[in-house]
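Bear in mind these aren't lab numbers, they're just calculated from the coordinates by the rules spelled out. What you see is a predicted model, and the numbers here were worked out from it, not measured in a lab. Quick reminder, even Gly has a Cβ in these numbers, built from the backbone with ideal geometry, and neighbours come from all protein chains shown.
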């Protein structure tokens, strides 16, 4: 990997290595829409960001790219740094040689042109997200790992088997990831008020095991969702409108349902005793999708609930900020 400098104050990617997966942060929701205008994305860059995210087949929320741009340059296409980082995405020249693209088809790969730099940023981040997904044993979600790799180099992610700790580089990479994950909440657009069914908790019950609790009983080394402590047979509801993409046995998850929502994010409901929806079915917020149970790898009855950037294991983010952003109290 070519050295690169990135960051609001600029951090050098000094890695000569390669690889990925992510950290212990309150991963905010970052779906398929953006907040445009005051407090969000400048209108002239919104479609570039949306297109760059959509071009990634690994699950890259546009709000993450937007938060990066705000962190890196404050959306300033003329931004430079003392160490040589250039443009709105703050690429170092060597890294631009590898990842630069001619996004607008004018025959040039121009790091100072947002129409080239933002697609290149998306391409680079997409490759890092894929690396993160290939390392589920690392500490952090694929998005967190990608951000750490973008900032400090994938070699550092390999070295620490996850997001580098606060002790590395005076916490610069750790805080870079933390800040962008938090900032993406502000960059994400409001949900479509016309979406049928609104948003609701999957079940009214106390939360048990929290997100990212460590333990040897989980193959990733940490808990990838949150648990709701409910007896077998408790009705479970979709948290919002969407389409069922999985409904059936899920290995250690037991009987599970996975729903894709309009913002491009996915919710998962596991260990169910009974399913009442099928793959391809459209649901609303509050649609009953099944009954809680104790199927799969469990020590007792409960609902295991996840929010993901993709439909599969290993793309988890913290569910609580996602739910709270939709006005839910938990």
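Legend: ranking of residues 227, 116, 51, 106 from fewest to most surrounding C-beta atoms inside 10 Å; resulting order 106, 51, 227, 116. Helix 172-187 and the longest principal axis of the C-alpha atoms of the chain enclose an angle of approximately 70°. Where only DSSP H runs of four or more residues are counted, the chain gives -8500 deg cm²/dmol as its mean residue ellipticity at 222 nm, each run worth -39500 (n - 2.57). Exposure proxy for 101, 163, 83: other Cβ atoms within 10 Å of each Cβ, ordered fewest to most, give 83, 101, 163. Counting only DSSP beta bridges whose two residues both lie in the chain, roughly 95 percent are antiparallel. In this rough spin-label picture, where each label sits 7 Å from Cα along the Cβ direction, the residue 57-residue 159 distance is 3.4 nm. Taking label positions 7 Å along the Cα-Cβ direction at both residue 47 and residue 252, the computed distance is 4.5 nm, reported to one decimal. Between the range 34-66 and the range 270-308, the C-alpha centres lie 31 angstrom from each other. Using C-alpha pairs under 8 Å with a sequence gap of at least 6, the mean separation divided by the residue count of the chain gives a relative contact order of 19 percent. As a rough footprinting exposure proxy, the listed residues 224, 287 were ranked by other beta carbons within 10 Å of their own, and the order from fewest upward is 287, 224. You can think of it this way: the chain between residue 330 and residue 213 has 40.4 nm of extra reach, that is 0.36 nm per residue less the Cα-Cα gap. Take the Cα of residue 232, step 7 Å along the line toward its Cβ, and report every residue of the range 246-277 whose backbone nitrogen sits under 19 Å from that point. 248-257, 270-276, by backbone N distance to the label point.
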